[in-house]
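The values are calculated or read from the model by the stated rules, or taken from the named source; none is laboratory data. A quick note: this is a predicted structure, and the numbers were derived from the prediction, not measured. We place every Cβ from the backbone using ideal geometry, glycine too, and count neighbours over all the protein chains shown.
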Amino acid sequence: MKIVFFGSDDFASKNLESLVSSGHEVLACVTQPDRPKGRDLKIALPLPKIVSGKYGIDVLQPKDLKDAGFLENLKSYDADLFVVIAYGRILTKEILDIPKMFSINVHGSLLPKYRGAAPINWVIINGDEKTGITIAKIDQKLDSGDILKQKELEIKKDDTSATLRARMIDESIDFLLNCLSDIKNNNISFQKQDSSKVSIAPKLTKDLGCIDWNKSAFKIHNLIRGLRPWPSAYTKYNGKLLKILEAEVLDQDSTAPGEILDVSKQGFVVGTQDKVLLVKRVHLESSKPMDAASFVAGHKIESGTILG
C-alpha cells in the first residue's frame, strides 16, 4: 500500500520509523511547520521531519490545510491510505476524500472515552485503572470515526503521563503494523462508537495544575501524576510557585488541608481533605528540581507551614 503519513511529535516519529523499516511505502510525511522552541527560541524541526530526511521521504509542512498547492501536491501521491498520529490539526473533508481507501488515526485511549488532545493525561488525572490504544477511521468529527482495532493497557499505580505515554508508544508500533497488514489483506471490520459513552480530554492548561488541598489525597496524587512533566501540579510556598513533582498517599487521616504536618528525611507530609500526602520531589520557582528532603533542609521547612 502507498501511504502518506501525518504526525508531529515523538509518538508519530517512532511509528513513522517503524513503518519505513518494515518495508511500507511511505511516499510523504505531512507535519507541522518548523517553530522556535525553548528559551533561546531556536528553530526546532518536528521529529517526523527528521526521520523523513533520514529516509528521503518528501516532507509537506502546510500552514493552511486548504491551500490549493498543498492539496494538489497531496493528490499527486495517489496514496491508498493516510495514517495520522498526533498531527495536531483536524483534517478537512477535502483531505479525507483524497486516499483511495480511507484515513486512519492512532489514538491514545479506548474510544469513545477521552476524545481530544490529552487522553493520556486525563485518564491518570481521573484515576482510571486502564486505558488503551485505538485505531479508527477518521471522519470530520474529532475522534468519532468507526473503530478498526483496540488494545487495552493497564495503568500502574506509579505511572505518570510520561511513563504511560512511553509504554503506549512502544505498544502502538506493532499494533499499527498488524492493523496495516489486516487492511492490506482486507481482513477488517468497523465498529461504530457508542455515543452514550463519549468523554472528552481537552487541552491542558497551566491553571489546571493548581492544587486544591481541600480535595482528597488520591485526587491530588492523580493530578500530580497526570500533569507530569507538563504543566505540573503546583501550590504556593511563601508567595512563590512550588511544583510538586512526586508524592505518595499515606494511610494517615488528615484534619488540616494544605498544612505541613511533618518533616523528615523522606520529604514533608501535607494534609488534604481525608488522608495525607508525602511530598518527595519539588521544583521551587527560580530554582532547580530537587528531592523534598533537600528542599526542607535548604528552606528550614517546619510543621505548621501552610501551602497554597
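Condition (residue is part of a strand (DSSP E or B), in contact with a strand residue (DSSP E or B) (Cβ under 6 Å, 6 or more places away or on another chain) and not hydrophobic (A, V, I, L, M, F, W, C)) applied to region 84-98: is it met by at least one residue? No, there is no match, as no residue in region 84-98 is part of a strand (DSSP E or B), in contact with a strand residue (DSSP E or B) (Cβ under 6 Å, 6 or more places away or on another chain) and not hydrophobic (A, V, I, L, M, F, W, C).
Of all the listed residues (Leu111, Leu74), the sole one being part of a helix (DSSP H, G or I) and at pLDDT 95 or above is Leu74.
Would you mind finding the one in Ser103, Ser52 that is in a helix (DSSP H, G or I), within 23 Å of the chain's Cα centre (by Cα), closer than 19 Å to Met1 by Cβ and at pLDDT 95 or above?
On the way: Ser103 fails: in a helix (DSSP H, G or I).
One residue alone meets the criteria, Ser52.
Just one of the listed residues (Lys130, Lys149) is touching a residue at least 24 places away in the same chain (Cβ under 8 Å) and under 20 Å from Leu177 (Cβ atoms), namely Lys149. Taken over region 154-206, the criterion of being in contact with an Asp or Glu (Cβ under 8 Å, 6 or more places away or on another chain) and not charged (D, E, K, R) is satisfied by Ile155, Ile169, Ile188, Phe190, Gln191, Gln193.
Taking the conditions exactly as written (buried (at least 16 other Cβ atoms within 10 Å of the Cβ) and in contact (Cβ under 8 Å) with a residue 60 or more places away in the chain), does Ser144 satisfy them or not?
no
Among what's in region 202-255 and is assigned to a loop (DSSP other than H, G, I, E, B) and charged (D, E, K, R), pick the residue that is surrounded by the fewest Cβ atoms within 10 Å (Cβ to Cβ). The selected residue is Lys203.
Could you pull out the residue among Lys243, Lys236 that is out of contact with any helix residue (DSSP H, G or I) (no Cβ under 6 Å at 6 or more places or on another chain), within 22 Å of Val123 (Cβ to Cβ) and in contact (Cβ under 8 Å) with a residue 24 or more places away in the chain?
Numbers: Lys236 fails: within 22 Å of Val123 (Cβ to Cβ).
After applying the criteria, what remains is Lys243.
Does Ala28 fit the bill of being on the phi > 0 side of the Ramachandran plot and either in contact with a helix residue (DSSP H, G or I) (Cβ under 8 Å, 6 or more places away or on another chain) or surrounded by 12 or more Cβ atoms within 10 Å (Cβ to Cβ) (or both)?
Values: on the phi > 0 side of the Ramachandran plot: no; either in contact with a helix residue (DSSP H, G or I) (Cβ under 8 Å, 6 or more places away or on another chain) or surrounded by 12 or more Cβ atoms within 10 Å (Cβ to Cβ) (or both): yes.
No: the conditions fail for Ala28.
Taking first residues from region 100-115 that are assigned by TED's automatic domain parsing to the domain that holds Asp139 and partners that are among the aromatic types (Phe, Trp, Tyr) and in a loop (DSSP other than H, G, I, E, B), the Cβ contacts under 9 Å between residues at least 6 apart in sequence or on separate chains come to Asn105/Tyr87; His107/Tyr114; Gly108/Tyr114. With respect to the conditions (1) under 20 Å from Glu152 (Cβ atoms); (2) touching a residue at least 12 places away in the same chain (Cβ under 8 Å); (3) surrounded by fewer than 14 Cβ atoms within 10 Å (Cβ to Cβ), Asp170 falls short on a single one, namely (2). Do we have any residue at all in region 72-90 that's within 27 Å of Ser181 (Cβ to Cβ), of a type in the set (Gly, Ala, Ser) and in contact with a helix residue (DSSP H, G or I) (Cβ under 9 Å, 6 or more places away or on another chain)? There is at least one residue in region 72-90 that is within 27 Å of Ser181 (Cβ to Cβ), of a type in the set (Gly, Ala, Ser) and in contact with a helix residue (DSSP H, G or I) (Cβ under 9 Å, 6 or more places away or on another chain). Every condition in (1) at pLDDT 95 or above; (2) over 20 Å from Asn15 (Cβ atoms) holds for Gln140 except the one numbered (1).
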